[in-house]
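Contents: one structure, followed by commentary.
The values are calculated or read from the model by the stated rules, or taken from the named source; none is laboratory data. As the structure is a computational prediction, the values presented were derived from the model and not from experiment. Glycine also receives a Cβ, built like all others from the backbone with ideal geometry; neighbour counts cover every protein chain displayed.
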Amino acid sequence: MFLSKIILIRSILKTKKPKGVIVWDFDGVLFNTKRLVRDHEKIFSEHRVVPAELRLAVALLKKSGEPFSIARLMRILRKNRVLFFEKPIRRALYRNLLKYQYVSSETEKTLHHLRRLGFIHIILSFGSAPFQYRKIKAGCGKKFLEHFTEVLITKKPKHIFLKRVLRKYPALPLFFIDDKEEHIALVRKHIPQISALHYKKGWSVKKVARLVFAKTREYD
Ligand SMILES: [Mg+2]
């Protein structure tokens, strides 16, 4: 199986004629990952892991090509002989996820608005399934998941999955939103019929919605 995990599958809206499908990247687009990284540093440093040690471990993890997870991060810290207690850190991290809302209310509103207009939302995230799942369930508020027809966490290139979405909704305009240039480039190369939008610094989900509206007008 090429997908690591399918978290949730919901039947699509039956009452409204679907207008399009939007496949969203999670980190850095819907989710305030920058803030979470800052919070991680704070929590780890409160538990004797200084930011420099943490940053080194994060860099090593990135270099390995493996998706980020707290378990992997802790393994690298241990290998680097950093001393810490796992349980209190994990508890503090989880409490923090519950406390802070990492999806802005504007994003929340825009997703809702698009859905009411007949857009189908899908999350396609590169990462480790348990870690991503925890972020989605604990860090995004209770209603967040309701916006999505599917949530997919994968370790494979995203265009593989997008081909499947295209087969599933052949008559609908399909959008793919991601803040990583390499994902966008691969999708443009392999599936040019998908509108791939590179989510740039300073963008908002509202801006994405405006671009989606402009594009769907071309289809009408
Ligand atoms: Mg991203």
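Things worth noting here:
- Complete set of residues in the stretch 178-198 that are polar (S, T, N, Q) and either modelled with pLDDT under 95 or part of a loop (DSSP other than H, G, I, E, B) (or both): Gln193
- Taken over the stretch 204-215, residues that are more than 15 Å from the ligand (Cβ to nearest atom) and in contact (Cβ under 8 Å) with a residue 24 or more places away in the chain amount to 4.
- Subset of the stretch 24-61 [among the small types (Gly, Ala, Ser), farther than 27 Å from Ile184 by Cα and either buried (at least 19 other Cβ atoms within 10 Å of the Cβ) or within 16 Å of the ligand (Cβ to nearest atom) (or both)]: Ala57
- Apart from one condition, Lys156 fits all of (1) within 16 Å of the ligand (Cβ to nearest atom); (2) in contact with a helix residue (DSSP H, G or I) (Cβ under 7 Å, 6 or more places away or on another chain); (3) in the same structural domain as Leu197 (by TED's automatic domain parsing); the exception is (2).
- For beta carbons closer than 9 Å, sequence separation of 6+ or different chains, a first residue in the stretch 31-56 that is closer than 17 Å to Leu77 by Cβ and among the hydrophobic types (A, V, I, L, M, F, W, C) and a second that is within 16 Å of the ligand (Cβ to nearest atom) and part of a helix (DSSP H, G or I), the qualifying pairs are Val37/Val58.
- For Ile89, the requirement of being part of a strand (DSSP E or B) and away from the ligand (no atom under 16 Å from the Cβ) is not met.
- Lys201 meets the conditions (1) within 16 Å of the ligand (Cβ to nearest atom); (2) in contact with a strand residue (DSSP E or B) (Cβ under 9 Å, 6 or more places away or on another chain); (3) part of a loop (DSSP other than H, G, I, E, B) in every case but one. The failed one is (2).
- Taken residue by residue, the stretch 126-143 has no member that is away from the ligand (no atom under 16 Å from the Cβ), more than 25 Å from Val37 (Cβ to Cβ) and assigned to a helix (DSSP H, G or I).
- Residue in the stretch 82-104 that is closer than 30 Å to Gln193 by Cβ and exposed (fewer than 14 other Cβ atoms within 10 Å of the Cβ) present: no
Quick grid of which residues meet (1) of a type in the set (A, V, I, L, M, F, W, C); (2) more than 30 Å from Ala92 (Cβ to Cβ):
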{"position": "Lys137", "(1), (2)": "no, no"}
{"position": "Lys142", "(1), (2)": "no, no"}
{"position": "Lys163", "(1), (2)": "no, yes"}
{"position": "Ile177", "(1), (2)": "yes, yes"}
{"position": "Glu182", "(1), (2)": "no, yes"}
{"position": "Arg188", "(1), (2)": "no, yes"}
{"position": "Glu218", "(1), (2)": "no, yes"}
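- For Arg81: the one exception among (1) part of a loop (DSSP other than H, G, I, E, B); (2) touching a residue at least 24 places away in the same chain (Cβ under 8 Å): (2)
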